[in-house]
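Asker: Attaching a single structure in structure tokens format; questions to follow.
The values are calculated or read from the model by the stated rules, or taken from the named source; none is laboratory data. On a predicted model such as this, the values are computed, not experimentally measured, just so you know. Here the Cβ positions follow ideal geometry from the backbone for every residue, glycine too, while neighbour counts run over all protein chains shown.
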Amino acid sequence: MNSDDSNRVSIEDGTVEERYVAFCDVLGFSSAVTADFNAASKVYVDFINQVRMLGTFGKAQITVYSDSILISARELMPVLSTTQFLWWGALLNDWLIRGGIAHGRVWELQQERDLFVVSEPLVKAAQIEQKVRVPAVQISPDISIPEEYWIHRLAEGPFQSPLIHFNGMNIVNPFNRYWFRSARQRVVQLLDVYPQHSEKYYWFLALAQSVENGEPLIPGDVLTSLRERGVIEFVPNSAEQPSAT
């Protein structure tokens, strides 16, 4: 049987570029599907409409496969900001998110209706998601985060920044200025309904408490660097909370 070389794909047909990719798993959605497919589908459609609102960020590409959501962009900030907004949509539906964010090369080929992708950051992000045992979207330790991102947190407050440092991890901030107390209350209610997942809920509530307490939630080495550069100062009698100068 002769093969038609005109239909063969070569590596040169695709494009290669560096991208940041977030791989997020919506916790609890799979159980909802098996318990009541029709009800879960209705909630899911509402969730998709909320996700489509993320188009306002512009630079990030969003792909949804059931309970798995991919967010991709050439720059880190759009991925962080979009994932932070994704948290809002998930919590609004009483879901939590677990995932990872990584950086690397992506080979992509679009042929009519078919899309072929080889993604180094997707593999790395999925590996992070498998290792994270708490409801958090962790940023890969090998990603160099500009100090300016942390300065933004100090200058604008804890709800404006899309990332925070907690329990040794750099993670996407699940809160925003409009959605903090309500988000925490929803998790308290989930704790009552699903006590078997109490460890995850208690971790999330501990994070919320740290945010409310005004803790820096910035890596120690970054705080030291910002202090040495004269970017921040520590104000006496303020529980050692840094402030932007």
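Asker: Out of 199, 228, I need the residue that is under 26 Å from residue 129 (Cα atoms), out of contact with any Cys (no Cβ under 6 Å at 6 or more places or on another chain), of a type in the set (D, E, K, R) and modelled with pLDDT of 85 or more. Which one?
Answerer: 199
Asker: Out of the residues in the range 26-41 that are at pLDDT below 80 and not in a helix (DSSP H, G or I), which is surrounded by the fewest Cβ atoms within 10 Å (Cβ to Cβ)?
Answerer: Taking the candidates together, the pick is 36.
Asker: Further question on the same structure: Only one of (1) assigned to a loop (DSSP other than H, G, I, E, B); (2) touching a Lys or Arg at 6+ places or on another chain (Cβ under 7 Å) is not met by residue 215, so which one is it?
Answerer: The failed condition is (2).
Asker: Sticking with this structure for a sec: So which of 86, 70 ends up being surrounded by 19 or more Cβ atoms within 10 Å (Cβ to Cβ), under 24 Å from residue 202 (Cα atoms) and of a type in the set (A, V, I, L, M)?
Answerer: 86
Asker: Okay, next question. Being part of a helix (DSSP H, G or I) and among the basic types (Lys, Arg) is the filter; apply it to the range 42-97 and report the residue that is modelled with the highest pLDDT.
Answerer: 42
Asker: Another question, if that's okay. For the range 98-123, which residues satisfy the criterion of being in contact with a strand residue (DSSP E or B) (Cβ under 6 Å, 6 or more places away or on another chain), in a helix (DSSP H, G or I) and without any contact (Cβ under 8 Å) to a residue 60 or more places away in the chain?
Answerer: Of everything in the range 98-123, just one residue is in contact with a strand residue (DSSP E or B) (Cβ under 6 Å, 6 or more places away or on another chain), in a helix (DSSP H, G or I) and without any contact (Cβ under 8 Å) to a residue 60 or more places away in the chain, namely 120.
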